[in-house]
Each structure stands twice: as C-alpha cells, then as structure tokens.
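For reference, the structure discussed in these notes is given below.
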C-alpha cells in the first residue's frame, strides 16, 4: 500500500540557503510536517533577517554559513549526527554583465555549483545511514540561454548534471538525489524582474498559468521529493515554471 503521508516527525532536515525565498518557504513547510529543521544564511544571526519579507525563521535552527567557503561547510557537518533530508538551495547571480569578468564568473560557479558537491560529499555518510534524500535546487536556466549571466547559466546546467550523476551513483546506497528547476519565482533574487512593471508583465504573458510563481509552489515539490510518494524517482530535475518553457 502506498504511504501517502507527509509526516516528517523525527526527521532532521537541513536547507542550505534556507533563510529566505524558496529555501525559507521549504523550511517552514517541513516544520509544519513535524521535522526538526535547520537552515543556513550568510548573516551573523537570525535577528538580522527579522525585517526581511520572505524570511520567517520561527521554529527553525539557524546556522551562519557562507556557501562559498568549503571549510565552513565542513564545520557545519560536524554539528549533525543525523540527516534525513538535505536541500541545497544556495544561489547567487550578478547582473549588468558582471559575470563576464573571470573572477565574478568563478564566484558564481563556486556558490551555485561547487558548493553543491561539497555539501553532498560532507553529508553523504549521514544520508546513507538514514536512506535519505538530497534535493538540489537549480533553475530553468539549466535548459535555456541567459545571455547576461554566463556564470549563473553554466552553474545551473552543471547542477542538473550533478543531480543526474549523484542520483545514479548513490541510489545503490539508498540515497535518492533529485532536483527542482524553478521558473520565475518572486524572491529577493528576482526583484530585478518582479519589481519592473514592463518586465513583470512581459514574463507573465509568456507563462501559461498566467502568474509568477510563489516560493510555496516550490516547497510542495520538495516535500514530495523527500517523501515516500516519490520513492521511485531518482536523478531527475523537475521543472516547475508554470509552463514557461513549453
């Protein structure tokens, strides 16, 4: 019989980049399903997010983390003895063609791609022990060009490739690795579009569902991918864009 519950009671969940946006909505969704939820953010303390829209750290355990710093990820791993679900939702983008500069390109790739592998490697043993789930949040940019952002585009395409490869490599260990590719979601990172009336309207016109996505739309997908409902899904990056790429 299919287990249709979304009960994560007794489970430990960590969301890298869970202090705001998609990661934060996902964190609160798991908390609502009974999980012990940890989140990371770049600021010194959770109090530094108090005034931010899209940041709700109530009931979550906060850890400061710069995802670009491998040593900090290694230190974070030492704080855990159990890990059932690891969600890598960290990300950055630099606008105004800044990513064409080599140092900026490298910075974006470090956060959006290299740190994924560092996180996965560091938590591998706990995920294997728990027969757990790793979820990598990439972007629909993995599947189309983003002319002004070569670092962002290359890193997100790499994230989808990493999801496939780790999915195949770690499935025999009982770890299910999958990914989510959000379309345009209303977060701090997308304000360059969502706060610009012309850009916003043009984008909505190209989305069959007729609206910009909400972080909660992505949270539900993570719950699904971490639950028994998706027990036979491995190595897939699921596009969630309201039909934009169709």
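If only residues of the range 212-230 that are closer than 15 Å to residue 6 by Cα and out of contact with any strand residue (DSSP E or B) (no Cβ under 8 Å at 6 or more places or on another chain) are counted, the one that is surrounded by the fewest Cβ atoms within 10 Å (Cβ to Cβ) is 228. Please tell me if residue 168 is surrounded by fewer than 22 Cβ atoms within 10 Å (Cβ to Cβ), more than 20 Å from residue 90 (Cα to Cα), out of contact with any strand residue (DSSP E or B) (no Cβ under 8 Å at 6 or more places or on another chain) and at pLDDT 95 or above. When the stated conditions are applied, residue 168 passes them. Contact map, the range 167-183: first residue at positive phi and free of Cβ contacts under 8 Å to residues at least 60 places away in the same chain, second residue loosely packed, with under 14 Cβ neighbours inside 10 Å and part of a loop (DSSP other than H, G, I, E, B), Cβ cut-off under 6 Å, separation 6 or more or different chains; pairs are 174/131.
Can you find, within the range 137-149, the residue that is surrounded by the most Cβ atoms within 10 Å (Cβ to Cβ) among those that are touching a residue at least 12 places away in the same chain (Cβ under 8 Å) and over 18 Å from residue 115 (Cβ atoms)? The residue in question is 140.
Of all the numbered requirements in (1) touching a residue at least 60 places away in the same chain (Cβ under 8 Å); (2) closer than 19 Å to residue 218 by Cα; (3) out of contact with any helix residue (DSSP H, G or I) (no Cβ under 6 Å at 6 or more places or on another chain); (4) surrounded by 20 or more Cβ atoms within 10 Å (Cβ to Cβ), residue 33 misses one, and that requirement is (4).
Is it true that some residue in the range 9-21 is part of a loop (DSSP other than H, G, I, E, B), closer than 16 Å to residue 135 by Cα, more than 17 Å from the chain's Cα centre (by Cα) and touching a residue at least 60 places away in the same chain (Cβ under 8 Å)? Scanning the range 9-21, I find at least one residue that is part of a loop (DSSP other than H, G, I, E, B), closer than 16 Å to residue 135 by Cα, more than 17 Å from the chain's Cα centre (by Cα) and touching a residue at least 60 places away in the same chain (Cβ under 8 Å), so the answer is yes. Residues of the range 181-201 include at least one that is crowded, with 22+ Cβ neighbours inside 10 Å, under 29 Å from residue 35 (Cβ atoms), in contact with a helix residue (DSSP H, G or I) (Cβ under 8 Å, 6 or more places away or on another chain) and at pLDDT 95 or above.
As for the range 178-198, it holds at least one residue that is under 17 Å from the mean Cα position of the chain (by Cα), part of a helix (DSSP H, G or I) and over 17 Å from residue 136 (Cβ atoms).
Assess whether residue 21 counts as being surrounded by 17 or more Cβ atoms within 10 Å (Cβ to Cβ), in contact with a helix residue (DSSP H, G or I) (Cβ under 6 Å, 6 or more places away or on another chain) and farther than 23 Å from residue 175 by Cα. Against the criterion (surrounded by 17 or more Cβ atoms within 10 Å (Cβ to Cβ), in contact with a helix residue (DSSP H, G or I) (Cβ under 6 Å, 6 or more places away or on another chain) and farther than 23 Å from residue 175 by Cα), residue 21 qualifies.
When restricted to residues that are under 21 Å from residue 68 (Cβ atoms), in contact with a helix residue (DSSP H, G or I) (Cβ under 9 Å, 6 or more places away or on another chain) and not in a loop (DSSP other than H, G, I, E, B), the range 36-58 contains 5.
Name the single residue that is farthest from residue 127 (Cα to Cα) among those in the range 59-101 being outside any loop (DSSP other than H, G, I, E, B) and free of Cβ contacts under 8 Å to residues at least 40 places away in the same chain. Step by step, filter the range 59-101, then rank; the result is 98.
Taken over the range 43-61, residues that are modelled with pLDDT of 95 or more, crowded, with 18+ Cβ neighbours inside 10 Å and either closer than 20 Å to residue 93 by Cα or touching a strand residue (DSSP E or B) at 6+ places or on another chain (Cβ under 6 Å) (or both) amount to 1.
Among the residues of the range 154-166, none qualifies, meaning not one is outside any loop (DSSP other than H, G, I, E, B) and more than 19 Å from residue 116 (Cα to Cα). Scanning the range 80-107 for residues that are surrounded by 16 or more Cβ atoms within 10 Å (Cβ to Cβ) and closer than 28 Å to residue 30 by Cα turns up 83, 84, 85, 86, 87, 88, 89, 90, 91, 92, 93.
The values are calculated or read from the model by the stated rules, or taken from the named source; none is laboratory data. Everything quoted here is computed from the prediction, not taken from an experiment. Methodologically, a virtual Cβ is constructed for each residue, glycine included, from the backbone with ideal geometry; neighbour enumeration extends over all protein chains shown.
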